[in-house]
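Student: The structure is given below, and queries will be raised subsequently.
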Amino acid sequence: MAEDLIRYDILAQEALRGVVRKVLSEVARTGLPGDHHFFISFVTRAPGVRLSQRLLEQYDKEMTIVLQNQFDGLKVNETGFEVGLSFDGRSEMLAIPFSAIKGFFDPSVQFGLQFDVERVEGDEAEASAEPAAEDAASEPSPAPAPESKGEKVVSLDSFRKK
């Protein structure tokens, strides 16, 4: 088998991260349409991630945030996004580069994307994603389960030659 010098795997990941960027940009401009809401999992110690020391101590490797009814200050740029959420009644501003995102899931339409994130020094094992923030006004939603029946999850492994 020939070596992939073009690196289609990286190109596909960048294109799919563009989907997340476009969706979040639209939500920042016009708000969440209909019943859409998002679970976004990310590596907390990835380069460029900014969150409070309190959250970093609680979610040392990975966390999942929920963008549903109560979030504010959503700002999106080419490399990432910032959003204000409430954790245990305390407002926090998070900055998350798109390169740190491991998963994006919209349960209203059962659509999800999974990404590879470069390992951060000191990571010995993958942590499982756990919902970290839930808006107070919304009903609790289950954490995204990429293996659920009927869910449309695009795994980058499906693009790779085995």
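The values are calculated or read from the model by the stated rules, or taken from the named source; none is laboratory data. These figures come from a predicted structure and were not determined experimentally. Neighbour counts are summed over all protein chains in view; Cβ atoms, including those assigned to glycine, are modelled from backbone coordinates with ideal geometry.
Student: Can you pull out every residue in the range 1-54 that is hydroxyl-bearing (Ser, Thr, Tyr) and either surrounded by 12 or more Cβ atoms within 10 Å (Cβ to Cβ) or over 25 Å from residue 92 (Cβ atoms) (or both)?
Tutor: Narrowing the range 1-54 to residues hydroxyl-bearing (Ser, Thr, Tyr): 8, 25, 30, 41, 44, 52.
Answer for the range 1-54, where residues must be hydroxyl-bearing (Ser, Thr, Tyr) and either surrounded by 12 or more Cβ atoms within 10 Å (Cβ to Cβ) or over 25 Å from residue 92 (Cβ atoms) (or both): 8, 25, 41, 44, 52.
Student: May I pose another question? Any residue in the range 1-25 that's touching a residue at least 12 places away in the same chain (Cβ under 8 Å) and under 27 Å from residue 73 (Cβ atoms): show its pairings with residues that are in a helix (DSSP H, G or I) and not aliphatic (A, V, I, L, M) at Cβ separation under 7 Å, as long as the two are six or more apart or on different chains.
Tutor: Every condition considered, the pairs that remain are 17/98; 20/98; 21/98.
Student: Okay, moving on. Checking residue 97 against (1) without any contact (Cβ under 8 Å) to a residue 60 or more places away in the chain; (2) over 15 Å from residue 116 (Cα atoms); (3) not acidic (Asp, Glu), which test does it fail?
Tutor: (2)
Student: Please go through the range 74-94 and pick out each residue that is exposed (fewer than 15 other Cβ atoms within 10 Å of the Cβ) and not hydroxyl-bearing (Ser, Thr, Tyr).
Tutor: Of all residues in the range 74-94, those exposed (fewer than 15 other Cβ atoms within 10 Å of the Cβ) come to 75, 77-79, 84, 88-91, 93.
Within the range 74-94, 75, 77, 78, 84, 88, 89, 90, 93 meet the criteria.
Student: Give me a count of the residues in the range 50-71 that are over 24 Å from residue 111 (Cβ atoms) and not small (Gly, Ala, Ser).
Tutor: First, the residues of the range 50-71 that are over 24 Å from residue 111 (Cβ atoms): 50-61.
This time we only want the ones that are not small (Gly, Ala, Ser), so: 50-51, 53-61.
Here the count works out to 11.
Student: Name, by its number, the condition in (1) modelled with pLDDT under 95; (2) within 20 Å of residue 106 (Cβ to Cβ); (3) not β-branched (Val, Ile, Thr) that does not hold for residue 28.
Tutor: With (1) modelled with pLDDT under 95; (2) within 20 Å of residue 106 (Cβ to Cβ); (3) not β-branched (Val, Ile, Thr) applied to residue 28, the lone miss is (1).
Student: Any residue at all in the range 30-44 that is of a type in the set (A, V, I, L, M, F, W, C) and assigned to a helix (DSSP H, G or I)? Give the steps one after another, and end with the answer.
Tutor: At the first step, the residues of the range 30-44 found to be of a type in the set (A, V, I, L, M, F, W, C) are 32, 38-40, 42-43.
Imposing the further condition that a residue be assigned to a helix (DSSP H, G or I) reduces the set to none.
No.
Table: residues versus (1) part of a strand (DSSP E or B); (2) touching a strand residue (DSSP E or B) at 6+ places or on another chain (Cβ under 8 Å); (3) of a type in the set (A, V, I, L, M).
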{"residue": "2", "(1), (2), (3)": "no, no, yes"}
{"residue": "26", "(1), (2), (3)": "no, no, no"}
{"residue": "46", "(1), (2), (3)": "no, yes, yes"}
{"residue": "74", "(1), (2), (3)": "yes, yes, yes"}
{"residue": "78", "(1), (2), (3)": "no, no, no"}
{"residue": "85", "(1), (2), (3)": "yes, yes, yes"}
{"residue": "91", "(1), (2), (3)": "yes, yes, no"}
{"residue": "113", "(1), (2), (3)": "yes, yes, yes"}
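Student: Here's a follow-up. State the number of residues belonging to the range 1-20 that are over 19 Å from residue 97 (Cβ atoms) and of a type in the set (Lys, Arg).
Tutor: 1
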